[in-house]
Structures are given as structure tokens and as C-alpha cells.
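S.K.: Would you mind keeping the following structure in view while I ask a few things?
The values are calculated or read from the model by the stated rules, or taken from the named source; none is laboratory data. On a predicted model such as this, the values are computed, not experimentally measured, just so you know. When we count neighbours, we look across all protein chains shown, and the Cβ atoms used for this are built from the backbone with ideal geometry, even at glycine.
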Amino acid sequence: MERNETAALIRGGEAVFGLELGSTRIKAVLIGPHGEVLASGSYDWENRLEQGVWTYHMDDVWHGIQESYKNLAASVEEKYGEKITHLKALGFSAMMHGYLAFDREGELLVPFRTWRNTMTEEAAADLTSRFGFNIPQRWSIAHLHQAILNNEPHVKDIAFITTLAGYVHWKLTGEKVLGIGDASGMFPIDSEHNVYDSGMMDTFDILHKEHNLPWRLRDILPQIRLAGEDAGELTDAGALLLDPTGTLKPGAPLCPPEGDAGTGMTATNSVRVRTGNISAGTSVFAMIVLEKALSKVHTEIDMVTTPTGKPVAMVHCNNCTSDINAWAGLFKSFAELIGAKCSMPQALDTMFFEALKGDADCGGVVFCHYLLRRADHRHGGGQTAVYAPAGQRVYVPELCAHAALLRNGDIENRHGYSDRKGARGG
């Protein structure tokens with residue numbers, strides 16, 4: 001598309017805006033009618049470990065969103081000489097799971113508990129047993145159940161719980177809805193009817209009858225929306241939240257907010273039955289779209305859905321690129337100490353390309369990466385161990401090969417695929 005054509009498209013409000021809140025970066029993109037990228041913007045951020053809880057402050061969420069949008073808008077003006085005043089549509093996705101609980105006034109009751117937290121082992125095991133359905137520790141319902149078991153005082157004041165994508169969408173549209181894929185990481189889904197599993201909701205409510213809670217579970221969960229369904233439009237307040245300059249006008253429709261698993265499936269065209277993909281980020285997970293839901297519990301396999309509600313088997317591991325980033329940062333710092341200029345992208349590219357030169361056995365180097373606790377390995381987390389053969393020289397390419405390719409990806413996902421193969425048809 002020629003520059004003048006693109007400028008006219010943007011001026012006419014025909015461009016589509018999308019934003020994802022990842023664990024270490026918020027990414028915004030503007031696309032044309034055929035999916036072509038017109039401009040992008042981003043903002044780097046990090047979670048905080050506060051009082052033993054991995055969290056993000058809500059002020060950081062909005063600052064990051066606004067900075068990403070501002071950077072994108074600046075790129076549009078520089079490339080095409082246009083300001084973004086209207087959009088054809090918008091969509092938001094974010095890291096799944098976690099715990100965001102609000103009262104009737106819309107105030108956050110406790111700090112955001114992200115998917116990285118492994119504090120719900122008791123709750124997850126209890127619900128898995130009662131539901132006959134695997135409930136991972138990072139799921140929202142595990143966090144809620146654990147809060148009740150811990151007698152946390154905020155529980156009685158809950159009026160609404162949601163995910164990060166659901167929260168952002170709510171503030172931009174006023175709609176308390178969630179895409180079914182993201183919802184499937186909050187509570188189990190009945191994939192035949194594309195709703196929360198009603199029997200399991202009843203089980204949960206009966207389980208906590210003795211606590212005399214003033215709410216039922218079905219009343220505090222976001223409403224489910226499938227891909228393509230109406231999920232509201234950008235309000236006046238929402239437009240100002242996204243673009244505080246007031247240049248962007250309200251009225252554009254938003255698609256249902258989704259989780260990062262759904263965006264990964266869509267981006268890799270892996271939403272049909274018998275297709276699958278692997279997503280490598282702060283965590284790593286492999287997914288396969290199933291013909292039908294599994295008939296029994298496999299604790300290594302999480303059951304989620306596509307954005308249209310088809311059942312998906314997922315194997316998720318907490319640790320992936322955090323370790324790679326740490327090694328790249330170490331190499332970058334060393335390069336700078338000896339007077340060489342090196343950016344993080346350069347350090348990462350060098351690691352990945354040098355990894356291709358490493359020996360097949362990585363020179364005997366073995367990484368054990370446990371930055372975050374691994375529930376399936378019962379390890380406490382917070383460390384990385386490196387093992388190398390005694391008296392043998394370790395070359396950086398071999399180190400990179402293991403750090404970048406094996407420990408953080410291939411071995412983890414082969415573990416997942418072997419488990420899934422064992423559960424085929426099961």
C-alpha cells in the first residue's frame with residue numbers, strides 16, 4: 001500500500017488497533033484491512049515481588065498502555081503525517097489467569113496476584129479432586145478458593161473478579177465480559193455449550209456454604225463472549241484512558257478480550273481441531289486443539305479453549321525466557337565493561353545464532369532453571385543451577401545452545417507432548 005493510501009485509510013478511521021500486555025513488554029500495533037502492519041509501539045515493564053506476591057500496580061498498567069499507544073501514535077504521525085482520531089475496531093489481550101478482585105465500587109480489594117504466583121497448592125489440589133478436572137495453581141478459581149481457605153477478610157466484599165485483559169476491557173468499555181479462551185483460565189468451561197461448567201459452579205458454592213458468603217460464583221465471574229460477538233465499544237472515558245491527549249474519539253467496537261494463549265493460537269493459525277502451537281515467553285506452553293474434552297484428569301495437562309470455545313490441551317511450564325534474558329544481560333554487561341557497544345537485541349541475536357554452532361550434547365552443560373517454582377517438580381524456585389563436566393572447557397556457544405534452546409524450550413515441551421500422547425483419547 002502506498003504512503004498516501006495508508007494515510008487516507010488512517011484519516012478515514014479504517015485502521016484497527018490491538019494491544020497485548022505481556023509479562024515483560026506491552027505491545028501495540030495498528031493494522032490495515034488485510035492484516036498489514038502500519039505502525040507499532042511498545043513499553044517495557046516488569047512485575048514486582050512484594051511481600052511474597054508477584055504483582056503489577058494498576059497505575060503501571062495504565063502508564064504502560066498509554067506509553068505504548070503514544071509511541072504508536074507518534075510513529076503514525078512520523079510515517080504518514082496523520083493523527084489517529086478514529087479507529088475501525090480495537091482488541092486487547094494479556095497474560096492469563098491470576099486474581100483481580102473488586103468491590104461494588106469498582107475498587108481493587110487486594111494487589112493483583114499474577115499467574116506467576118505458586119501460593120495456591122492446597123486450593124488447586126482440593127478443587128481438582130472435587131471437580132474431577134485439573135485446576136492449576138495459577139487459575140483464578142484456585143486463587144479465590146485459597147483466599148477463602150485463608151480466611152482473607154476481603155472475600156466477603158467481592159463483587160467481581162476478572163483477568164488483566166478483562167480489567168482493561170471493562171475500564172475502556174464498561175462491559176464486564178471476557179473472551180472464552182481467557183475465561184477458560186479462570187474457571188472450567190463446558191465446551192459443548194460454551195459456558196462456565198454449571199455443575200462445578202454449584203459444587204464450589206456448596207463447598208463454601210458454611211462461610212455465608214454474600215455472593216454466588218456465577219454472579220462474580222465475567223460474562224463469556226466468543227470471537228466475533230459484541231463486546232462493547234470504546235466509551236468517552238475509555239478513549240481518554242487510552243489517549244489522554246483527547247485526540248482519539250470514542251465509539252469504535254471492541255472484540256472480546258482474550259488471553260495470551262488465544263492470541264498465540266490465532267497468530268499461528270492453530271485454532272482448528274488437530275492443530276497446535278508452542279508459545280515461548282516468560283513462561284512456555286504447548287497447545288493442541290482437541291476433537292473432544294479429555295475424559296479424565298491429567299494433572300500435567302490444563303484444559304483451556306480456543307477463542308471460539310473448542311477444547312484445547314495445554315502443557316504449561318513457569319520458566320522460559322527470563323533465564324535467557326538474564327544470560328543476555330550478563331553478556332551485554334561484560335561487553336560494555338570491555339568497551340564494546342551492545343544492545344539487548346544484539347546480545348539475544350548473538351546467543352541464538354551462536355547456539356546453532358554448539359555441539360549436539362551442548363558440551364555436557366546442563367541447566368536447571370527454577371526462577372519460579374515449578375509445581376510439577378515440587379521445587380522452591382528462585383535460582384538457576386549450571387552443571388558442567390569437571391576439567392572440561394565450556395564454550396559460550398554450547399552454553400547458549402542449552403540456555404536458549406533446550407532447558408527453556410525443547411525439553412520442557414517434549415515433556416508436555418509425551419504426557420499428552422499418553423493421554424490421547426483419554
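S.K.: Got at least one residue in region 91-98 being touching a residue at least 40 places away in the same chain (Cβ under 8 Å), touching a Gly at 6+ places or on another chain (Cβ under 8 Å) and either more than 25 Å from Gly262 (Cα to Cα) or β-branched (Val, Ile, Thr) (or both)? Steps first, answer last, please.
M.R.: Within region 91-98, the subset touching a residue at least 40 places away in the same chain (Cβ under 8 Å) is 91-98.
Filter again for touching a Gly at 6+ places or on another chain (Cβ under 8 Å), leaving 91-97.
Filter once more, keeping what is either more than 25 Å from Gly262 (Cα to Cα) or β-branched (Val, Ile, Thr) (or both): none.
Within region 91-98 (the criterion being touching a residue at least 40 places away in the same chain (Cβ under 8 Å), touching a Gly at 6+ places or on another chain (Cβ under 8 Å) and either more than 25 Å from Gly262 (Cα to Cα) or β-branched (Val, Ile, Thr) (or both)), the answer is no, since none of the residues qualifies.
S.K.: Please state which of the following conditions Met351 fails to meet, knowing it meets all the rest: (1) part of a loop (DSSP other than H, G, I, E, B); (2) surrounded by 17 or more Cβ atoms within 10 Å (Cβ to Cβ).
M.R.: All conditions are met except number (1).
S.K.: Now, a different point. From Ala74, Ala15, which residue is more than 17 Å from Pro257 (Cα to Cα), buried (at least 19 other Cβ atoms within 10 Å of the Cβ) and either modelled with pLDDT under 95 or more than 19 Å from the chain's Cα centre (by Cα) (or both)?
M.R.: So the residue among Ala74, Ala15 that is more than 17 Å from Pro257 (Cα to Cα), buried (at least 19 other Cβ atoms within 10 Å of the Cβ) and either modelled with pLDDT under 95 or more than 19 Å from the chain's Cα centre (by Cα) (or both) is Ala15.
S.K.: Tally the residues that are touching a residue at least 12 places away in the same chain (Cβ under 8 Å) and within 13 Å of Ile288 (Cβ to Cβ), restricting the search to region 258-273.
M.R.: Qualifying residue count, region 258-273: 7.
S.K.: Looking only at region 18-30, which residues are surrounded by fewer than 17 Cβ atoms within 10 Å (Cβ to Cβ) and modelled with pLDDT of 95 or more?
M.R.: Across region 18-30, the qualifying residue is only Lys27.
S.K.: Residues that are touching a strand residue (DSSP E or B) at 6+ places or on another chain (Cβ under 8 Å), assigned to a helix (DSSP H, G or I) and exposed (fewer than 15 other Cβ atoms within 10 Å of the Cβ): does region 147-160 have at least one?
M.R.: Yes, because at least one residue in region 147-160 is touching a strand residue (DSSP E or B) at 6+ places or on another chain (Cβ under 8 Å), assigned to a helix (DSSP H, G or I) and exposed (fewer than 15 other Cβ atoms within 10 Å of the Cβ).
S.K.: Do you know which of the residues in region 300-335 that are in a loop (DSSP other than H, G, I, E, B), touching a helix residue (DSSP H, G or I) at 6+ places or on another chain (Cβ under 7 Å) and modelled with pLDDT of 85 or more is surrounded by the most Cβ atoms within 10 Å (Cβ to Cβ)?
M.R.: My answer is Thr306.
S.K.: Just for region 31-71: of the residues that are of a type in the set (Val, Ile, Thr) and crowded, with 19+ Cβ neighbours inside 10 Å, which one is nearest to Leu90 (Cα to Cα)?
M.R.: Ile65
S.K.: Can we say Val284 is in contact with a His (Cβ under 9 Å, 6 or more places away or on another chain) and of a type in the set (Val, Ile, Thr)?
M.R.: yes
S.K.: Take the residues in region 336-348 that are part of a helix (DSSP H, G or I) and not charged (D, E, K, R); name whichever of them is farthest from the chain's Cα centre (by Cα).
M.R.: Residue satisfying both the conditions and the ranking: Leu337.
S.K.: For region 125-146, enumerate the residues that are surrounded by 22 or more Cβ atoms within 10 Å (Cβ to Cβ), of a type outside the set (Val, Ile, Thr) and within 20 Å of Ser198 (Cβ to Cβ).
M.R.: Leu127, Trp139, Ser140, Ala142, Leu144, His145, listed by residue number.
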